[in-house]
Structures are given as C-alpha cells and as structure tokens.
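J.: For reference, the structure I am asking about is given below.
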Ligand code: MTE
C-alpha cells in the first residue's frame with residue numbers, strides 16, 4: 001500500500017477443551033443477549049448510530065488483555081480502496097452503499113456449488129470473535145467481530161480432492177465506487193486467496209457484524225473474510241464470489257507489487273516490508289508503538305500450517 005510512511009482445532013490446542021480453547025481465544029458463542037442484538041445480523045442497518053452510543057461487545061479486551069478499539073475508531077479508519085485511499089473518508093463515501101439483496105456464488109472445484117443469499121447466511125450460528133487486526137501498513141486494532149467459521153460454509157459445498165486453494169472476489173461496482181475509477185491501475189475486482197487448510201482453520205471466519213451490530217459498508221458489509229494471523233489486506237470485504245481452485249490465486253496486491261505483497265502475508269515482525277519495518281505497530285487510539293507479535297499473537301494456533309516453510313521466501 002502506498003501511504004505509509006484444517007477444520008480441526010490445532011494439535012497444540014487439543015489439551016484444552018474446545019470451550020476453554022475458544023474462550024481463551026476470545027471466541028464466545030454469542031449469548032442470549034448478544035444474539036438478540038445480532039439476531040438479524042444481516043438485515044441492513046442505518047449507516048450511522050443515531051444514539052451516538054458506544055455499542056457493547058461480549059468482553060472488553062482480547063485474550064491478551066488488550067482493550068477493544070471503539071466502534072467509532074473501527075468504523076471511521078478504514079482501508080477500502082474501491083471507495084477511497086483516504087482512510088478517514090471511506091465511511092462517508094461508503095454511506096448508504098446497497099448491501100441487500102446480496103448473493104455470494106460459491107463454486108469451482110466443489111461437488112455442490114451454491115449461491116448464498118443473506119437468508120442462507122443467516123442460518124449459520126453467529127459467534128463473537130475478538131481478534132487483533134494488523135494492517136500491513138503497521139497500524140492495528142482489536143475488533144469484536146460477529147461471524148461464523150468459513151469451514152462451515154465450505155463443508156456445505158464439499159470441495160473436490162483437486163481443490164487446493166480458495167479464491168475470493170469482492171463486489172466490483174465502478175458506478176458507485178469512486179476509488180475504482182480513481183485508481184484504474186489496480187487489477188479490479190479486489191481478489192484474495194487462501195490455501196485450503198488456512199481457509200479451513202477454526203480461526204478463519206466470514207464476518208457479518210461487529211460490536212453486536214451488522215457490518216457497515218466501510219467494514220465490508222454484508223459479509224467479509226477475517227483471517228487474524230495475516231496482514232489485514234487478506235481480509236477481503238464485501239465478497240460476491242468464492243471459488244475452490246487448484247492453483248494459487250493471484251491477489252490484487254500480488255499483481256500490483258509482487259515484491260511487496262506475497263500470497264501468504266502472515267504477520268511476521270522479522271520480515272520487513274521493503275519500504276518499512278514490521279517489527280512494531282501503532283495501535284489505533286494509543287500513543288507510541290508496540291511490538292508486533294509473530295502471526296499477530298496466534299502462533300500457537302497456526303504455526304503448524306507453515307512447518308518446514310521458509311517464511312522469508314513464502315512471505
Ligand atoms: N477489501 C477490499 N475489497 N478492498 C480493500 O481495499 N482493504 C484491506 C482489507 N480488505 C481492502 C479489503 C486492508 S489493507 C485492510 S487493513 C482491511 O481490509 C481493513 O479492514 P477495516 O477497514 O474493516 O479495518
């Protein structure tokens with residue numbers, strides 16, 4: 001970016017009960033109160049909070065004790081290049097963007113291709129997941145997402161044996177998305193990819209809300225990916241297409257600058273971006289910088305996915 005300076009719980013976590021593991025990760029199935037707040041998790045909401053109140057989440061910190069960012073911070077400091085490269089203008093430019101009705105086509109190397117409507121997505125059990133989001137630009141936030149594990153959706157479409165990767169595509173709407181017209185050199189639509197085992201990992205979710213409310217357009221409504229151990233650009237917004245594929249997909253960022261943005265994009269304080277250090281980060285709302293954690297603090301859960309790989313080559 002230019003303006004900076006397996007479906008099973010991992011072996012490491014098997015000693016914990018599933019419940020204790022999920023709790024330790026800040027993952028709590030939404031309780032009755034939260035469910036009530038997020039029951040219609042995909043119903044369109046107004047883009048501003050008329051009460052002006054800070055909505056509440058199931059906890060006030062992540063599993064490391066770091067406080068949640070405020071709703072205002074999370075909804076007014078955004079990367080969504082289809083609207084603008086100015087993080088503070090995305091919210092106003094995306095206001096009112098129509099996100100209902102919506103469809104996600106899921107196909108490619110699957111036995112049961114399916115087109116998901118918002119009603120279909122509402123059938124998945126919505127959980128709250130408090131995750132750190134670490135942008136490749138070296139800023140970060142702690143966000144209480146609502147969503148469900150991607151592996152639940154993938155299980156429904158039944159990937160074929162030849163499927164090795166998952167390719168995701170965002171909505172492409174140049175008429176209503178001024179950033180697409182202003183930045184024609186990018187290979188729109190925004191595309192991202194994961195290896196199938198990364199996509200099947202328990203921590204990988206499709207998010208439909210945050211802070212107990214539906215997602216706003218600036219955060220990728222009505223449904224976006226969240227992969228907490230990878231740089232934020234992997235967490236693709238406003239998804240319209242998911243394909244199971246045999247070859248590694250080329251993401252928009254790989255096409256734009258392959259020496260700067262690799263396919264894996266795992267958060268790694270020891271592998272710098274060619275133009276800046278990744279050793280520390282600026283937590284939005286805090287003064288000073290804090291050390292960046294390997295795999296964004298999710299090393300115990302995901303390091304085994306990369307056993308034997310040279311993370312400097314596979315960056
Ligand atoms: N998805 C799309 N379609 N377009 C984008 O520009 N930006 C990415 C990611 N997903 C982006 C995207 C980047 S760089 C980051 S850091 C996160 O979204 C930011 O998510 P947030 O604005 O909800 O914090």
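J.: Sort out which residues of the stretch 220-241 are assigned to a strand (DSSP E or B) and under 26 Å from residue 70 (Cα atoms), and write them in order of number. Quick ask: steps written out before the conclusion?
T.: Of all residues in the stretch 220-241, those assigned to a strand (DSSP E or B) come to 224-226, 230, 239-241.
Once the filter is applied, which keeps residues that are assigned to a strand (DSSP E or B) and under 26 Å from residue 70 (Cα atoms), the stretch 220-241 yields 224, 225, 226, 230, 239.
J.: Related question: Working only within the stretch 263-277, note down all residues that are in contact with a helix residue (DSSP H, G or I) (Cβ under 7 Å, 6 or more places away or on another chain) and more than 11 Å from the ligand (Cβ to nearest atom). Spell out the reasoning first.
T.: So the first thing to find is which residues in the stretch 263-277 are in contact with a helix residue (DSSP H, G or I) (Cβ under 7 Å, 6 or more places away or on another chain), and the list is 263, 265-269.
263, 266, 267, 268, 269 - these are the residues of the stretch 263-277 that are in contact with a helix residue (DSSP H, G or I) (Cβ under 7 Å, 6 or more places away or on another chain) and more than 11 Å from the ligand (Cβ to nearest atom).
J.: Would you please name the residue that is farthest from residue 153 (Cα to Cα), looking only at residues in the stretch 73-104 that are more than 11 Å from the ligand (Cβ to nearest atom) and in a strand (DSSP E or B)?
T.: 103
J.: Name the residue, out of 260, 247, that is at pLDDT 95 or above, more than 13 Å from the ligand (Cβ to nearest atom) and part of a loop (DSSP other than H, G, I, E, B). First the steps, then the outcome.
T.: Values: 260 fails: more than 13 Å from the ligand (Cβ to nearest atom).
On inspection, the qualifying residue turns out to be 247.
J.: Shifting gears a bit: When you look at residue 159, is it away from the ligand (no atom under 13 Å from the Cβ) and more than 28 Å from residue 200 (Cβ to Cβ), yes or no? Walk me through it before giving the result.
T.: Working: away from the ligand (no atom under 13 Å from the Cβ): yes; more than 28 Å from residue 200 (Cβ to Cβ): no.
So residue 159 fails the test.
Residue-by-condition table, conditions (1) under 17 Å from residue 169 (Cβ atoms); (2) surrounded by fewer than 24 Cβ atoms within 10 Å (Cβ to Cβ); (3) out of contact with any helix residue (DSSP H, G or I) (no Cβ under 6 Å at 6 or more places or on another chain); (4) modelled with pLDDT of 95 or more:
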site	(1), (2), (3), (4)
187	yes, yes, no, yes
207	yes, no, yes, yes
213	no, yes, yes, yes
221	yes, no, yes, yes
231	no, no, yes, yes
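J.: Could you say whether any residue in the stretch 291-298 is on the phi < 0 side of the Ramachandran plot and within 16 Å of the ligand (Cβ to nearest atom)? Even if it seems obvious, please write down each step before you answer.
T.: Of the stretch 291-298, the ones on the phi < 0 side of the Ramachandran plot are 291-294, 298.
With within 16 Å of the ligand (Cβ to nearest atom) added as a condition, the list becomes 292.
Checking the stretch 291-298: at least one residue is on the phi < 0 side of the Ramachandran plot and within 16 Å of the ligand (Cβ to nearest atom).
The values are calculated or read from the model by the stated rules, or taken from the named source; none is laboratory data. Being a predicted model, the structure only gives us computed values, none of them experimental. Ideal geometry is used to build each Cβ from the backbone, glycine not excepted, and the neighbour counts take in all protein chains shown.
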